[in-house]
Amino acid sequence: MKIRPTLILALVAALAACSNDAPPADSAAIPAAPDELVPVAAPAADPIDAILAGSHRSDANKARDQYRHPKETLAFFGIQPNMTVIEITPGGGAWYTEILAPYLRDAGSEVAAIWDTGASDAPGYYAKNNEQLATKLASDPAAYDRVALRSFDAKAPAFGEANSADAVVTFRNVHNWTMAGNDGDYFKAVFDVLKPGGVLGVVEHRANAGTSLEATKETGYLTEDYVIGLATAAGFILEEKSEINANANDSKDHPQGVWTLPPSFALKDKDREKYAAIGESDRMTLRFRKPSESADGDASDDTAAQPAAGD
């Protein structure tokens, strides 16, 4: 059979194409060089974590972190380690002092504002709390040696030189001021001691909205509206609210008010498991700011609402 030259040429071309597509039998694919790995720095440790776990804190106080959320609360207030912070009446247990004192020790300062016990009619628990606090501070100089104690008259509070503090914090104290009848004086004193732009952080037992002041003031609970009204009447601006310390299980109708709940357990062993299951009180967490001064020395916002009457 006669093969046409054109057919031969076509077959040769096809074979050549196939041979070009196939890799040599002894060749091996060389993997592509991986991209150079760049080390990623680990995030800096938050010093609050080490403080919360520190041996200077009592086990009983550590157990309450689940209710009081100290790390989140201080972050919400904007507390920084280089600030001058006044803590109003820390109490004998010094719960927040255990955290604030070492946190502020190196670059800032903590001032613990305590009652002046010199008045003849000062309640006995003033002296007792002050003694317990002094014992606590002396127990661990490495943590507490730089805490400054500053006494004040409970009937005419003043917390230091005007415009001298970066922040003031108060934890579950406002109801005491209300029961004493001079809560407005406390807020005014806080306003005066803060620098323009300074922060007031408030945590307080929270009554249901619309509850009258008369119905709440002996229970340890106050409405948010009432507390906000006190602060704004003193000149503060409410900057933000937080639900960090909320507790929806708290019905707020307990036989001995807020003291029925832990940690007080005012009823002792009666229904203790019931109240332990509820946990600590429902609490408002509020951040206020003292207005910054304008160039002419006036506050940038000098309007202030009057205290709400617990509605």
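The values are calculated or read from the model by the stated rules, or taken from the named source; none is laboratory data. Owing to the predicted nature of the structure, the values given are computational and were not obtained by experimental measurement. Ideal geometry is used to build each Cβ from the backbone, glycine not excepted, and the neighbour counts take in all protein chains shown.
Restricting Ala119, Ala138 to residues that are closer than 25 Å to Asp49 by Cα, surrounded by fewer than 13 Cβ atoms within 10 Å (Cβ to Cβ) and either hydroxyl-bearing (Ser, Thr, Tyr) or free of Cβ contacts under 8 Å to residues at least 60 places away in the same chain (or both) narrows the list to Ala138. Here region 81-133 is the region considered, the condition is being farther than 25 Å from Leu200 by Cα and part of a helix (DSSP H, G or I), and the residue that is farthest from the chain's Cα centre (by Cα) is Gly124. The requirement of being assigned to a helix (DSSP H, G or I) and of a type in the set (Lys, Arg) is fulfilled somewhere in region 55-70, by at least one residue. Only residues that are modelled with pLDDT of 95 or more and outside any loop (DSSP other than H, G, I, E, B) were counted across region 271-303, and they come to 14. Selection within region 162-194: residues that are within 20 Å of the chain's Cα centre (by Cα) and charged (D, E, K, R). The member of this set that is farthest from Leu222 (Cα to Cα) is Asp166. Scanning region 241-268 for residues that are on the phi > 0 side of the Ramachandran plot and surrounded by fewer than 16 Cβ atoms within 10 Å (Cβ to Cβ) yields one hit, Lys268. Being surrounded by fewer than 20 Cβ atoms within 10 Å (Cβ to Cβ) and of a type in the set (A, V, I, L, M) is the filter here; which residues of region 84-109 pass it? Scanning region 84-109 gives a single hit, Ala107.
Evaluation of Ile237 against the conditions (1) farther than 21 Å from Pro90 by Cβ; (2) touching a helix residue (DSSP H, G or I) at 6+ places or on another chain (Cβ under 8 Å) shows that the sole unmet condition is (2).
I'd like to check something: does region 201-213 contain any residue that is of a type in the set (A, V, I, L, M) and in a helix (DSSP H, G or I)? Scanning region 201-213, I find at least one residue that is of a type in the set (A, V, I, L, M) and in a helix (DSSP H, G or I), so the answer is yes.
Let's see how each residue does on (1) under 23 Å from Tyr96 (Cα atoms); (2) of a type outside the set (Lys, Arg); (3) surrounded by fewer than 18 Cβ atoms within 10 Å (Cβ to Cβ):
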residue: Asp153; (1), (2), (3): yes, yes, yes
residue: Asn163; (1), (2), (3): no, yes, yes
residue: Asn173; (1), (2), (3): yes, yes, no
residue: Asn176; (1), (2), (3): yes, yes, yes
residue: Leu200; (1), (2), (3): yes, yes, no
residue: Asn208; (1), (2), (3): no, yes, yes
residue: Ala215; (1), (2), (3): no, yes, yes
residue: Tyr221; (1), (2), (3): yes, yes, no
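Here Gly54 fulfils each of the conditions (1) without any contact (Cβ under 8 Å) to a residue 60 or more places away in the chain; (2) surrounded by fewer than 20 Cβ atoms within 10 Å (Cβ to Cβ) apart from (1).
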